[in-house]
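Everything below concerns the one structure shown next.
Rule-based calculations on the coordinates, nothing more; no lab input. Everything numeric here is computed off the predicted structure, so don't read it as measured data. Positions of Cβ are backbone-derived with ideal geometry, glycine not excepted, and every protein chain shown enters the neighbour counts.
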Amino acid sequence: MIATRRSFLRSSVAGALSVAGLAAFSRRSLLANGAVVTESQFEVIKVTRTMLKLEFRPVPRRNMDREIPHWRYSELCDITLKCGVTGTGETLRFYTWGVPPEEAYSRIVGRSAIEMMWDDSLGAGVQMALFDAVGRAAEVPVHALLGSKVHEKTPLSWWNIDTSAEDMAAECQEAKRLGYMSYKTKGRPWFDVIKQVSVAAKNLPPEFKIDMDFNDTLRTAERGLPILKELDKYPQVDIYESPIPQSDVEGNRKIADATHVKVAMHYGTPSPSTVVRSGCCDGFVAGGGASKLLGIGKFCEEAGLPFWLQLVGSGITAAYSLHFGGSLKQALWPAVNCHQLFEHDLLQQTIVLKDGHATVPDRSGIGYEINRDMVEKLKVETPATRPDPDRLIETSWPDGRKMYTANNGAVNFMLTAANEDKYPFFETGAETRLVPDDGSAVWRKRYEKARSGGPFLEK
Ligand SMILES: [Mg+2]
């Protein structure tokens, strides 16, 4: 039956092709020409992968290079359907909710993109490319494939890793200049979080919001609350994410009760029903594949809890994320896409923010065109393993203490050390910087010591 349908389509479109080329396969022209619309036009016939190395803008660069320089590697996945339409997806190769498994690239060939696109196990870039391709072929935006559009506009947050107070203030100003109304960053014991917020807030209106993700580093409610209560005083401070381990339901509930600032947790731990019962947080961070995101969206709609979308990459991922923002009712907190980190967003036209919101596009697919000249320029070989150059990081305090940390082959080597209590706990005046390798014996000696033994204090 399928063979018959396919040969019929082939013969019916062959005529159209000779007249109008591949564009004749679009839904509109097929309908206009009276041809039968069949799912076989959505068959995946080709998959191409392109590795890119994106450069960070100067402020993120000097801060991202401490712990996560490997966020530069973005793999584009182009999927061509039988109808001639190509869709594109993106995977941040060393930081994503799902690296496509090798078999995913071959599994989809010869299959219907419509049938495959809801399979989260295909990974970020492949799934995104399938949605984009199906949307472009059907001449509908991705949000129409997800459900009804319930928001015309959707909020986005600027994102940057933890930085000096001065860098944070500069980034907040840049975010505001470009129409953002929120800045999300990390709360870390190796910086003075109160100074960061007070310096940044000085030139910001109270409507501009600052969110801090502690990734558990405040450890317990008892230790964390004095710091949070201090931060609470700034009207810009709006959300604390994972202040202490999420599994500590009672501790998180204490924090949520004690502060007017909202508490966010990554969806999943503790169970969403425990969150509703205990009130241990006010909303969620939602990441992952399309099926998972729709599930989170449904739960949050029933429970009346907000969340932000966290889909990380260049402007391509940010554009894709806009469609989830448009179709998920509770996507009320600003999305974190991190595309602001990079010198170039890979789009022909950048996503424009006004009053903290971007318009949910109604154009086909992800609704944004990719800058192919830039893609050509940024092409690199795929690294065999995660690039992990030697880095020495210095943390210092006003009394002259200096502490050194080195990368140790693991991701989040500083965060892990913080959660093992290896740094002084959120002390006033803490500053941290990458120490450039000047080729000296002193640098090498400190590096080797920190690499083998973990962060050490130099008296
Ligand atoms: Mg987080």
* To do: Give me the Debye-computed log₁₀ of I(q)/I(0) at q = 0.29 Å⁻¹ for the stretch 392-458, equal point scatterers on Cα only, no solvent, two decimals.
  => -1.44
* To do: Output the relative contact order of the stretch 230-350, whole-number percent, from Cα pairs under 8 angstrom with separation of 6+ residues.
  => 18 percent
* Structure fact -> Within the stretch 208-312, DSSP-loop trypsin sites (Lys or Arg not before Pro) with at most 11 other C-beta atoms within 10 Å are Lys233
* Structure fact -> Taking Thr274, Thr350 and counting other beta carbon atoms within 10 angstrom, the fewest-first order is Thr274, Thr350
* Could you line up Trp71, Trp333 from fewest to most neighbouring Cβ atoms inside 10 Å? => Trp71, Trp333
* To do: Would you mind calculating the relative contact order of the stretch 148-366 from Cα pairs under 8 angstrom and at least 6 residues apart, reporting the percent as a whole number?
  => 25 percent
* To do: Compute the Kirkwood hydrodynamic radius of the stretch 27-146, taking the inverse of the mean of 1/r over all pairs of distinct Cα atoms, and give it in Å to one decimal.
  => 15.4 Å
* To do: Hey, could you get me the Stokes-Einstein D for the stretch 108-231, Kirkwood radius over alpha-carbon pairs, 37 °C and 0.692 mPa s, rounded to whole µm² s⁻¹?
  => 184 µm²/s
* Whether the stretch 289-376 is rounded, prolate or oblate, judged on the alpha carbon gyration tensor where a/c under 1.5 counts as rounded -> prolate
* Structure fact -> For the stretch 98-152 the chymotrypsin sites (Phe, Trp or Tyr not before Pro) that pass both the DSSP coil test and the at-most-16 other-Cβ-within-10 Å test are Trp118
* Asked: Rg and Dmax of the chain over Cα atoms: what are they, in angstrom?
  -> 23.9, 82
* Given 10 °C and 1.306 mPa s, how large is the Stokes-Einstein diffusion coefficient of the stretch 148-366 in µm²/s, with Rh as the Kirkwood radius over Cα pairs? -> 91 µm²/s
* Structure fact -> Note on the chain: contact order normalised by length, alpha-carbon pairs under 8 Å, 6 or more apart, percent, works out to 17 percent
* Asked: So how strong a dipole does the stretch 148-366 carry about its Cα centre when Lys and Arg Cβ are +1 and Asp and Glu Cβ are -1, to the nearest 20 debye?
  -> 320 debye
* Quotient of C-alpha Rg and 2.2 N^0.38 Å, computed over the stretch 289-336 -> 1.07
